[in-house]
Structures are given as C-alpha cells and as structure tokens.
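No lab work stands behind these numbers, since they all come straight from the coordinates. None of the values given here were measured: they were computed from a predicted structure. Every residue, glycine among them, receives a Cβ derived from its backbone with ideal geometry; neighbour counts consider all protein chains shown.
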Amino acid sequence: QVELVESGGGMVQPGGSLRLACAASGRFFGINFMSWYRQTPGKQRELVATITNSGSTNYADSVKGRFTASRENAKNTVYLQMNSLQPEDTAVYYCYGNIRLASLLRPNDYWGQGTQVTVSS
C-alpha cells in the first residue's frame, strides 16, 4: 500500500551540497514520522535525521549543523538538505517511514530503495 521513493543523490565535491527527497505514495492513514538513514559497506545503517508529523527534528551529531530535514505535507514528501558535504558522508541514503495504514492500527515500517551519495574530489 505504501512506497517510498528517494531521489536527489549523486556525486559532489567536498564542501558541496545536495538535497535528497523522499516521496510517500499509496493508500495510508498518516505518517507518524520519517527518518533518513545511511549505510556504507560493512557497517550498520546509521540514523541521520528524523522529522515527526509535527515538524520536530533530530539529527546525528555527525551531521548536526550541516544537514536539515524538512517536510512538505501536501506532497507527503520529506527532504534532507545536505550542506558542507565531506567524504565521510559518502553512503547510500535510505528513507524510512513510520506509517499507519488505517486509524488506530499499529504503524508499519517502510523503507525506500536508497540513493547513492558520493563526496569526492
């Protein structure tokens, strides 16, 4: 019923910027919160940022001050503005949604397919 599709990844030089987007489509009651994770080879997925349905945000210390999460509720889309990118930010970035399919049901977990971000000179 729900699909999350990330976009906006690519290659950028150190110090550059990218904006990722994650659009939720399908039939669902509502989004509780959405998060951005990232993963590099041989490592577990790292929580990068979370944004709730009320718009409050949390960030990993490694990206605080450089990344900004936002949402456009009318489009069921969340964004991750990434500034001052560094090589250590290189990873596959995944969108996660905690989404209710119907009122009063326990929310389900949904993942996007991931989008590659490469920071290199």
Q: Please give the contour-minus-distance gain from ASN98 to GLN39: 0.36 nm per residue of separation, less the Cα-Cα distance, rounded to one decimal in nm.
A: 19.3 nm
Q: Find out how many positive minus negative residues lie around GLN81, taking Lys and Arg as positive, Asp and Glu as negative, among other residues whose Cβ is under 15 Å from that of GLN81.
A: +2
Q | Taking the chain and dividing mean pair separation by its residue count, relative contact order in percent (alpha carbons under 8 Å, at least six apart) | A | 37 percent
Q.
Rounded to the nearest angstrom and ordered from largest down, what semi-axes does the equivalent ellipsoid of the stretch 69-121 get from its C-alpha gyration tensor (root of 5λ)?
A. 29, 13, 8
Q. When DSSP beta bridges are limited to those with both residues in the chain, what percentage is antiparallel, rounded to the nearest 5?
A. 95 percent
